[in-house]
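Accompanying notes for the structure given below.
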Amino acid sequence: MTDIPTTPIDMALAKLSEEDLNFRRRKTLQAMEKAKSKGEKTTELERQYQALEAESNRRMRNRNLH
């Protein structure tokens, strides 16, 4: 029996190259930190960053399995 991955996959993120994914993660983190320093709401940026981070973690786990 095969284990079915429990991590949901966002197909738009899955299609990104490793370089693009890392670039978007960095830019989103910078935007989030800038918004926090200005006292702005960061809920949407945090959601985007978490999705990017989850995709990065998923890729890392898949690399480690092989």
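For this structure, a couple of remarks:
- Non-local lysine pairs in the chain, meaning eight or more places apart or on different chains, with alpha-carbon distances under 25 Å, amount to 4.
- Helix axis angle, 43-65 relative to the chain longest principal axis, alpha carbon, degrees: 30
- Distance between the pseudo-spin-label points of residue 29 and residue 46 (7 Å out from Cα toward the beta carbon): 1.7 nm.
- Ellipticity at 222 nm from helices only: DSSP H runs of n ≥ 4 in the chain, each -39500 (n - 2.57), divided by the residue count, give -23500 deg cm²/dmol.
- 0 to 90° range, to nearest 10: angle between helix 18-37 axis and the chain longest Cα axis: 30
- Total charge dipole magnitude, the chain, about the Cα centre, Cβ charges on Lys, Arg, Asp, Glu only, Debye to nearest 20: 200
Values quoted throughout were computed directly from the atomic coordinates according to the rules given, and no laboratory measurement underlies them. As the structure is a computational prediction, the values presented were derived from the model and not from experiment. Please note: Cβ atoms are built from the backbone with ideal geometry, for glycine as well, and neighbour counts cover all protein chains shown.
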